[in-house]
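Novice: First the structure, then my questions, so here it is.
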Amino acid sequence: MDLLNDRGSVLDLAIRYGFGFEQSFTRAFSRRFGTTPARFRRSPKAVRIAAPLAVQEPRGGGILAEPAFLVCPQRVLVGRSSQVALDRDRIEGLANGAARAFMQTDAPRIQACLSRQVYFGYVKPVHPMTGFATYVPSLEVRPDAPLPSGLQRYVIPARRFAVFRYVGWHAPEALNFAKLSALLDSIFLDWLPHAAWRLDPAFHLESVDLSRCSPDFTEAQIHIPGAPIGKPIGRC
């Protein structure tokens with residue numbers, strides 16, 4: 001709406017929404033809506049958007065859209081499990097280090113991947129006794145895929161998810177544990193208390209399709225398992 005109602009330049013709008021350059025804003029806008037900001041301003045057309053949630057991000061930027069409610073088929077993930085203390089991770093970036101090491105060293109050894117471009121983070125919440133969360137950088141594989149030594153297989157049965165779409169104006173590796181924690185706070189503290197959704201707190205998934213990302217654009221999905229309360233749901 002700002003493109004139609006605001007008389008400022010496209011560069012002014014780009015800076016307002018956290019982009020360092022007009023070209024970065026134009027690429028992100030075109031990727032999402034199929035037209036450039038300038039062309040949209042000259043010839044407005046209907047575009048499909050999702051209502052944003054208020055996202056509490058200390059480093060700013062990004063959009064978290066209202067979820068789609070889906071039934072997803074069984075997934076088989078292969079990855080390397082690590083234990084992450086959240087306070088320490090905010091300082092040292094341990095989860096990011098585990099993800100980089102996985103993609104560089106372990107991912108090439110995994111056979112029968114459905115896509116090497118789609119990265120999954122399988123997360124079990126902080127254990128109350130240890131203070132550690134379980135974090136598993138992983139790839140999705142066929143059910144009969146061999147298991148490389150040192151890695152673990154996780155079978156996620158077919159189930160219901162609330163799937164949130166996140167867009168940020170940064171590189172994929174900047175989507176670290178601290179930023180994800182802020183997004184999850186928005187989901188659990190702002191959205192969930194008012195949603196018709198019964199949460200399954202056992203785990204959640206994050207996925208990033210690297211083919212849709214660039215050094216200044218990241219698109220991710222956050223999969224929150226549970227069950228709808230009186231809501232129709234679609235399928236993955």
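The values are calculated or read from the model by the stated rules, or taken from the named source; none is laboratory data. Remember, predicted model here, so these are calculated numbers, not experimental data. Virtual Cβ from ideal backbone geometry, glycine too; neighbours counted across all protein chains shown.
Novice: Look at residue 41 and say whether it is at pLDDT 75 or above and either small (Gly, Ala, Ser) or in a helix (DSSP H, G or I) (or both).
Specialist: So residue 41 passes the test.
Novice: Quick one: count up the residues across the stretch 45-104 that are at pLDDT below 85, more than 16 Å from the chain's Cα centre (by Cα), in a loop (DSSP other than H, G, I, E, B) and surrounded by 13 or more Cβ atoms within 10 Å (Cβ to Cβ).
Specialist: Total satisfying the criteria: 2.
Novice: Now for a separate question. Hey, any hits in the stretch 15-30 for a residue that's of a type in the set (Ser, Thr, Tyr), part of a loop (DSSP other than H, G, I, E, B) and at pLDDT 70 or above?
Specialist: no
Novice: Further question: Can you pull out every residue in the stretch 112-123 that is loosely packed, with under 14 Cβ neighbours inside 10 Å and over 18 Å from the mean Cα position of the chain (by Cα)?
Specialist: 114
Novice: Go through (1) in contact with a Leu (Cβ under 6 Å, 6 or more places away or on another chain); (2) surrounded by fewer than 19 Cβ atoms within 10 Å (Cβ to Cβ); (3) modelled with pLDDT under 95; (4) not charged (D, E, K, R) for residue 154 and report which single condition fails.
Specialist: Against the list (1) in contact with a Leu (Cβ under 6 Å, 6 or more places away or on another chain); (2) surrounded by fewer than 19 Cβ atoms within 10 Å (Cβ to Cβ); (3) modelled with pLDDT under 95; (4) not charged (D, E, K, R), residue 154 comes up short only on (3).
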